[in-house]
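What follows is calculated from the coordinates using simple rules that are stated; it is not laboratory data. Computed from a predicted structure; not experimentally measured. Using ideal geometry, Cβ is built from the backbone for each residue, glycine included, and neighbour counts are taken over all protein chains shown.
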Amino acid sequence: MQMNSSQFGQTLALPDTWQRKALNFLREGRDVVLHAPTGAGKTFVFEQLIESGWKGKAIYTVPTRALANDKFRDWKERGWDVGLVTGDVRYRSDAHIVVATLETQRGSMSRGIGPDLLVVDEYQLLGDQRRGPGYEVTIALAPLHTRLLLLSGSVGNPLEVADWLQAHGRSVELVSEGKRPVPLDEVFAETLLRRPFRGRKIRGHWPKLVAGALNANLGPLLIFAPRRAIAEDLARQLAVELPQVEPLELSPEQKKVSGKELTSLLKRRVAYHHSGLDYLKRAGVVEPLAAAGRVRLLVNRAQFPALHQKVVSTFKSPGGPTHGNQLGHRRHRARVRRSVPQLPRHPRAALPRASLRQPLGAPQPRPPTAAGPW
């Protein structure tokens, strides 16, 4: 997007050519598959549509509760009429705009009840082995009167996704933008471990690695863990081993919500985050503090809203990092991915057989109730 100043102290954001193109397609009543790098301004297209006076019901879906909470807070602060629907919260579901996880919408879609606009942010989850089938069925069952806006920057075959939607009788346009406005840098973990470090001796591979990253001014840090228990254990270990910093001051209400253990970690500017954490702790304490940059390290089980500056690392087991582990560093709104996933070449063939035999919008079996990040 282009930033022009209309008056002193005020900034006017103008959409780029590809953003205007997507907006025009949506206003003409077409579905849009929008492919652009992270940070390019995909969400800005939706925000411009709403703020331009668009009328109708819109549901903006994201992969995780944390992202849903982040969008909800942002748009509520703007004064929007917005609600929130996730696996553990249902708040103002009749609002003009509802932020939700996609799985929560499958029931209404199977009954032929859909909003005027359904946004699927991070639609690369179509290629996810566990959640992909649910994503495919929910999108395929969206009524034809519901406009679709699919957003991603990490899909290798967006044209085939558009073709799949057209096979369901939809009018679809693909809009692509290849320019990355925010540089993405990668730093090898081993280089951080070789840097000289002054202070008391630090024990353990991950504490040494994290201390090296913080010492190199790469924080705040975001570490992805494979399981909830590992995320919590790693956060506790790092809080003990990392050099002490100025304690984080928490309000009495924050301390009450957080509980003794999490409060102790937060005072050291360390926290853990996963879908099993109590909603008030997640959305009321951890997420706002992390987004504000007041936590130097967050160990997370699932995707988390982008921070202003962070290091992202993944590991497969408590025994150590993955082979060839790298740390990715971006200066603003980073979300690091190791590769560009290639969605199934024929997504329609991956749908359950029952769905393929029934007409679009026919009732489907209820989704499984197993717990997940949504």
*If LEU144 passes every condition in (1) out of contact with any Leu (no Cβ under 9 Å at 6 or more places or on another chain); (2) surrounded by fewer than 21 Cβ atoms within 10 Å (Cβ to Cβ); (3) within 30 Å of ASP121 (Cβ to Cβ) but one, which one does it miss?*
(1)
*Check ARG180, ARG203, ARG170, ARG236 and return the single one that is part of a loop (DSSP other than H, G, I, E, B) and either over 30 Å from LEU118 (Cα atoms) or free of Cβ contacts under 8 Å to residues at least 60 places away in the same chain (or both).*
ARG203
*Based on what the data block shows, is GLY107 within 30 Å of LYS281 (Cα to Cα) and not in a loop (DSSP other than H, G, I, E, B)?*
yes
*Looking at (1) assigned to a loop (DSSP other than H, G, I, E, B); (2) in contact with a helix residue (DSSP H, G or I) (Cβ under 8 Å, 6 or more places away or on another chain), which is the only condition PRO288 fails?*
(1)
*Across the range 62-101, what is the total count of residues that are under 13 Å from the mean Cα position of the chain (by Cα) and more than 23 Å from ASP278 (Cβ to Cβ)?*
0
*From LEU102, LEU125, LEU84, LEU117, which residue is free of Cβ contacts under 8 Å to residues at least 60 places away in the same chain and either of a type outside the set (Val, Ile, Thr) or surrounded by fewer than 20 Cβ atoms within 10 Å (Cβ to Cβ) (or both)?*
LEU84
*From (1) small (Gly, Ala, Ser); (2) in contact (Cβ under 8 Å) with a residue 40 or more places away in the chain; (3) surrounded by 22 or more Cβ atoms within 10 Å (Cβ to Cβ), pick out the condition that doesn't hold for GLY39.*
(3)
*If you check GLY178, GLY134, GLY153, which single one turns out to be in contact with a Lys or Arg (Cβ under 9 Å, 6 or more places away or on another chain) and under 22 Å from PHE25 (Cβ atoms)?*
GLY153
